[in-house]
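Have a look at this one before I ask anything.
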Amino acid sequence: DGQQAGAGLADKAYDGNDLRDRIAAMNATAVIPSKRNRKVAIPHDASIYKHRNQIERCFSRLKHFRRFATRYDRRTVHFTGFVHLAAAMIWLR
């Protein structure tokens, strides 16, 4: 709660009117490339879309830590602390 995204990033597989409508209802911009079979292609911001790959790679690196991938921690504070620790360990490599 209290956080709001400025854009909803997704790949072509999620190109659908329902998802685009939900993102618009949250006052965010849908940054989703159109599928080839869409009758009217909807433009997307390519500069923002480039960051999607960076985000996916970050989560991929974090998932190498078993504790992060399976979320053994019951309390949110402990899980968040481990996310910070894992991110620092990745950054220091």
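The values are calculated or read from the model by the stated rules, or taken from the named source; none is laboratory data. Keep in mind that this is a model prediction, so the values were computed, not measured. A quick note on method: Cβ atoms are made from the backbone with ideal geometry, for glycine too, and the neighbour counts reach across all protein chains shown.
In the range 8-26, is there at least one residue being of a type outside the set (A, V, I, L, M) and touching a helix residue (DSSP H, G or I) at 6+ places or on another chain (Cβ under 8 Å)?
Pass one, the range 8-26, residues of a type outside the set (A, V, I, L, M): 8, 11-12, 14-18, 20-22.
Keeping just the survivors that are touching a helix residue (DSSP H, G or I) at 6+ places or on another chain (Cβ under 8 Å) gives 8, 11.
Yes; the residues of the range 8-26 include at least one that is of a type outside the set (A, V, I, L, M) and touching a helix residue (DSSP H, G or I) at 6+ places or on another chain (Cβ under 8 Å).
Among the helices (runs of 4 or more DSSP H) contained in the range 17-93, which hold 1 or more residues that are in the same structural domain as GLY6 (by TED's automatic domain parsing) and not charged (D, E, K, R)?
Working: elements: 17-25, 46-62, 66-70, 76-92.
It comes to 17-25, 46-62.
Related question: Yes or no: ARG57 in contact with a helix residue (DSSP H, G or I) (Cβ under 8 Å, 6 or more places away or on another chain) and under 24 Å from ALA86 (Cα atoms)?
Details: in contact with a helix residue (DSSP H, G or I) (Cβ under 8 Å, 6 or more places away or on another chain): no; under 24 Å from ALA86 (Cα atoms): yes.
Judged against the criteria, ARG57 is not a match.
Limited to the range 51-70, what total is found for residues that are surrounded by 10 or more Cβ atoms within 10 Å (Cβ to Cβ) and without any contact (Cβ under 8 Å) to a residue 40 or more places away in the chain?
First, the residues of the range 51-70 that are surrounded by 10 or more Cβ atoms within 10 Å (Cβ to Cβ): 51-53, 55-59, 61-65, 67-69.
Cutting the leftovers down to without any contact (Cβ under 8 Å) to a residue 40 or more places away in the chain gives us 53, 56-59, 61-65, 67-69.
Residues flagged as surrounded by 10 or more Cβ atoms within 10 Å (Cβ to Cβ) and without any contact (Cβ under 8 Å) to a residue 40 or more places away in the chain within the range 51-70 amount to 13.
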